[in-house]
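The block underneath contains the structure these notes are about, expressed in structure tokens.
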């Protein structure tokens, strides 16, 4: 599964053959969670309020890039890296 971004020890990935709703897989330390493009947690948990807040900020900043990557993944195209939080 391609890594689309990494910041502050947080790894964000996106699968090619995923189901709706559009989402990303986030790893922080040993925890994993699925976030939709509105910042809602669909499954799992990071057990860190700070990491969760940072992921939500990142999603808010890069919503359009996430949507573009989701569309590319659905068509089997290469995903683009998304910048980390500044």
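The values are calculated or read from the model by the stated rules, or taken from the named source; none is laboratory data. It should be emphasised that the depicted structure is a prediction, and the values quoted were computed from it without experimental measurement. As a convention, Cβ positions derive from the backbone with ideal geometry for all residues, glycine included, and neighbour counts pool all protein chains shown.
Inside segment 7-19, residues that are surrounded by fewer than 14 Cβ atoms within 10 Å (Cβ to Cβ) and either out of contact with any helix residue (DSSP H, G or I) (no Cβ under 9 Å at 6 or more places or on another chain) or at pLDDT 95 or above (or both) make up a count of 3. Among residues of segment 39-68 being in contact with a strand residue (DSSP E or B) (Cβ under 6 Å, 6 or more places away or on another chain) and more than 18 Å from residue 9 (Cα to Cα), the one that is surrounded by the most Cβ atoms within 10 Å (Cβ to Cβ) is 41. A search for C-beta distances below 7 Å between a residue of segment 18-34 that is at negative phi and without any contact (Cβ under 8 Å) to a residue 12 or more places away in the chain and any residue that is part of a strand (DSSP E or B) and exposed (fewer than 15 other Cβ atoms within 10 Å of the Cβ), counting only pairs 6+ apart in sequence or on different chains, returns 34/42; 34/43; 34/44.
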